[in-house]
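> Would you mind keeping the following structure in view while I ask a few things?
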Amino acid sequence: MSKLIYWKVSAALAVMAMAATVGIGWSKSLSEFKLSLASNSWLTTQAAHTLQGHSTWVYAIAISPDGKTLASGSHDGTINVWNLQLCQLLHSQKAHSDSIESLAISPDGTILASGSWDNRIKLWDLKTGTLLKTLEGHTDDVKTIAINPAGTLLASGGSDKTIRLWNLQTGKLLQTLQDGDWVRSVAFSPIPEAHILASGSENGTIKIWNFVDGNVVRLLVGQKGTVHSVAFSPDGQTLASGSADRTVKLWQVSDGKVLRTFTGQKGAVWSVAISPDGQTLASGSYDKTIKLWHLPTGKLLGDLAEHSKPVWSVAFSPIPPNSPNQGGLGGILVSGSGDETIKVWSVPVSSYHSPATLGSAKSLELKETLSEITDKEAIAQLKQKLYDQIRPNWQPTSMMKTDLVYRVLINEQGVIADYQPLNQEASNLVLETYLPKLRKADVSHTRFGLFKVVFKPSGLLEVSPWQTAM
C-alpha cells in the first residue's frame, strides 16, 4: 500500500478533490492532481460559470429572493436578466440612456428597480421586462437604490446629495433627505420594525437614518475615502462598509463602534456583501479581485482573481447553502466586472460551517470497475443523511452513450460519489448547473485504479492509492 497523502482542503476543494481523485482511476499517476489540490481554502477556487452578454462594464447586479433570477446592469444602460440556475439569458433591453449603477429586486421577486446616470429610476416587471413606472425627482446621477424588507419603499441616493424615499407601488415621492455630499450607497436594515436606513457618502461618512422621521440617528466616521458600498448583516446588528481607502470596516449599528477593519485590497473597494447566514463577507475591488473574509474572526478565506478588470459589484444568493428543496440555489456568489463579464462562484460549505462540525470520518473504497463500493454501510449512512438534509434527488440521469460523467455531492456529513458505469448512467446527486463536469471517462477503459477516500472532521482529505497503473 502506498504512503498516505494529505491535502488540507476547504469543502469546495474537497468536491474538486473527490472528483479529481476519481480521476486517479484512469490517470497514470497522482502527480497531475497534486498541484491543483495542494492549497488552502478559497485560494484556488474557480468560477463555476462566466456569463457573457454585456458589451461594456457590468456595474450592477441583483439576485431575486428565491435565488433563481439574476439581473445585471451595464455602463451602456442595458439590463440583462438571467436564469441563474441554468446561467442562461432570459431577456435583454436598453433600459436607460446612460449608465446603470444600481439594481434592486423586490422581496416578492416581481419588480426590478434600476437607477441610472440619466437621473431616473425605472421599475420593471422582472419576468417580462415590461416597464412599469419611471420615477423622476433626482437632479443628477442616481448612484444607488435599495428596497425595504416589506417591499413598500424604495430608497435612492445620488450626486444631487439627496436620498429620496418612494412608494414602490405607486411611484410617489414620499420624502427627501439631505446629505452633505454625493450619496454613493444606501441599504435598509433587514429588521422591518427598526425603520433604519444606512447611507455611505463621497466624503467618507456613513449615516444611520430613521427613515420615518428623516433624522440621522448616528454618524459613523472612520473611512478615509468615498464609501462606495454598505451592507447590513442578516440580523441587522452590524454594518459593513467598503471604501476608496482600500479597506472594509464592520460597524456595530447600535453604538457606531468599529468592530473590525479588513485590509489587503490593493485598490478601492467598490462593493461589499454579507452571506445570508452572516458568516462570510465578500469585497469587490478596483484591483480586479474579490476577497472573502470570515466575518466573526476577520480571517481572510481567500482571493478570487479571475476577473481581468475592476470588480464593480458582488452579491450573495439570498438562499443559504444546502437549503432543502431549493435546487442547490444557495451558497452562490455573483460578481460583475469591468471586463464585461459576470462570474458565478460556488461558495465553500466550510465558509458557513466549522470543519469541526463535519461529522465523523467516512471511508469509500472503489473497485477496479468503479461499479462496486465496498463499504456499503458507510455509503448507506451517507446517502440517508444527505437524503434527509439536502433533497430527495437520487434519480439516475442518462448520460451520453460515449462517456461517463461522474459527479459528487458534499455536505457537513461527508463526501460521496455514486456510479452506475455499466448502465452508462451517473446519479444526479448535486446541482447539474453549478458543479461542472469535472471529469469524463471513455467507456472503453476497463481497468481503473483502486483507491480509498476519507474526508475527516479536521478538514483533511486523505487519499490512499493502491494501484495507479492503467
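> If packing is taken as the average number of other Cβ atoms within 10 Å across a peptide's residues, how do 129-137, 80-88 rank, most packed first?
Values: 129-137: 14.7, 80-88: 18.3.
My ranking of the peptides, most packed first, is 80-88, 129-137.
> If the only charges are +1 at each Lys and Arg Cβ and -1 at each Asp and Glu Cβ, what is the size of the charge dipole of region 49-347 around the Cα centre, to the nearest 20 debye?
Numbers: 24 positive and 25 negative charges, 77 e Å.
Its charge dipole is roughly 360 debye.
> Can I ask one more? As a quick test, which of the pairs Lys224/Lys343; Lys207/Lys249; Lys68/Lys288 have an alpha carbon distance above 20 angstrom in this structure?
Details: Lys224/Lys343 30 Å; Lys207/Lys249 14 Å; Lys68/Lys288 26 Å.
Check vs 20 Å cut-off fails for Lys224/Lys343; Lys68/Lys288.
> Here's a follow-up. From the square roots a ≥ b ≥ c of the eigenvalues of the alpha-carbon gyration tensor of region 49-347, which class results: rounded (a/c under 1.5), prolate (a/b over b/c), or oblate? Present the calculation step by step, with values, prior to reporting the outcome.
Working: a/c = 1.31, a/b = 1.02, b/c = 1.28.
Verdict is rounded for region 49-347.
Every read-out reported here was derived from the displayed coordinates using simple, explicitly stated rules and does not represent laboratory data. Computed from a prediction, not measured in an experiment: that's the story for all the values here. As a convention, Cβ positions derive from the backbone with ideal geometry for all residues, glycine included, and neighbour counts pool all protein chains shown.
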